[in-house]
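Here is the structure we will look at, set down as structure tokens.
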Amino acid sequence: MNPKEQPADYNKPVAYDANGKPLYAHPPISDAAQPVKTPQDEVLTATSSNNGKSQAVGDEVKLKHDRSNQLYPDLNLSEGEYVISAVRRHPIGLLIPIVTGVLLISLAFILLFNFDFVSQIFRFNTDKVNLSSLLFPVSMLILLVILGVYIFYYIYTNNKFFLTNESVIQEIQTGLFRRLEQTVSLSNIEDASFTQIGIIQQLFNYGSIRLSTEGDETTYRFSYVANPKEHIAILNNAVEAFKNNRPIEE
């Protein structure tokens, strides 16, 4: 600044308007007066510039949520929740009732088509017991066996276990008209493990899943799980990611 120049006094009016009001001069805005961007402002700017990416992630989650609703319409999924894996029971649990049913039906047909031979072996009185009198009760027995096997199959296969990005949902079918659903948040799961007991379970690779929760120490079990080791690994990874606020790897 030229030392001969006096600094301007911006408190004194430089002119007056038509009404006699004073007009004052204002100092020019220098670079030093410009607002300084803080790191927080830069983060906000970066966040604003990444709105497109955030929207893409939201669209991906919504797509997974809609797909899960289509595949599993009976599940009560919250907004943004989607199914990571669906655990079903191993078919080996159906072996005994199916074999028993087939055996009973086979015996019934053997009795019908070989009635004379069977009557001779067991010394039936053919005057009182004949083929026509056995036809109806044997047919009813076959229908009851088929119905019983189907009911067991329906109850067995409708016990399901679902892992989502937010919780574990277990559908429990205890009877033909009795069904309940248990939901446990991933944040409440304290321990998840599996067991395989005996050579049969290890040979056919099935076992039981066990979950324990914090606080009330409730234990949840799901038996006859195919490949339980793999499902527990996926579950533990989901629990750890959820508690640490990390994206869940599928």
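The values are calculated or read from the model by the stated rules, or taken from the named source; none is laboratory data. Nothing here was measured: the structure is a model prediction, and the numbers come from that model. Heads up, the Cβs are rebuilt from the backbone with ideal geometry, glycines too, and the neighbour counts pull from every protein chain shown.
Within the stretch 139-173, restricting attention to residues that are farther than 22 Å from SER208 by Cβ and among the polar types (S, T, N, Q), the residue that is surrounded by the most Cβ atoms within 10 Å (Cβ to Cβ) is ASN165. Evaluated against (1) among the basic types (Lys, Arg); (2) at pLDDT below 90; (3) surrounded by 14 or more Cβ atoms within 10 Å (Cβ to Cβ), ARG210 falls short on exactly one condition, (2). Among the residues of the stretch 164-182, the one identified as of a type in the set (Ser, Thr, Tyr) and free of Cβ contacts under 8 Å to residues at least 40 places away in the same chain is THR174.
Scanning the stretch 94-109 for residues that are small (Gly, Ala, Ser) and buried (at least 16 other Cβ atoms within 10 Å of the Cβ) gives GLY101, ALA108. When LEU176 is tested against the conditions (1) within 20 Å of LEU104 (Cα to Cα); (2) surrounded by fewer than 16 Cβ atoms within 10 Å (Cβ to Cβ), the lone failure is (1). Sub-7 Å Cβ pairs linking a first residue in the stretch 231-248 that is over 19 Å from ALA86 (Cβ atoms) to a second residue that is hydroxyl-bearing (Ser, Thr, Tyr), at least 6 apart or interchain, are LYS243/SER187, ordered by first then second residue. The number of residues in the stretch 107-166 being at pLDDT 90 or above and assigned to a loop (DSSP other than H, G, I, E, B) comes to 4. Considered as a group, the residues in the stretch 158-206 that are within 14 Å of the chain's Cα centre (by Cα) and aromatic (Phe, Trp, Tyr) include one that is nearest to GLU79 (Cα to Cα), and that residue is PHE162. Per the conditions (1) assigned to a helix (DSSP H, G or I); (2) exposed (fewer than 13 other Cβ atoms within 10 Å of the Cβ); (3) not hydroxyl-bearing (Ser, Thr, Tyr), the sole criterion not satisfied by PRO247 is (1).
Going through the stretch 193-244 one residue at a time, which ones are among the polar types (S, T, N, Q) and part of a helix (DSSP H, G or I)? Step through it out loud before you land on a result.
Filtering the stretch 193-244 for residues among the polar types (S, T, N, Q) gives 193, 195-196, 201-202, 205, 208, 212-213, 218-219, 223, 227, 236-237, 244.
Passing the criteria: GLN201, GLN202, ASN236, ASN237.
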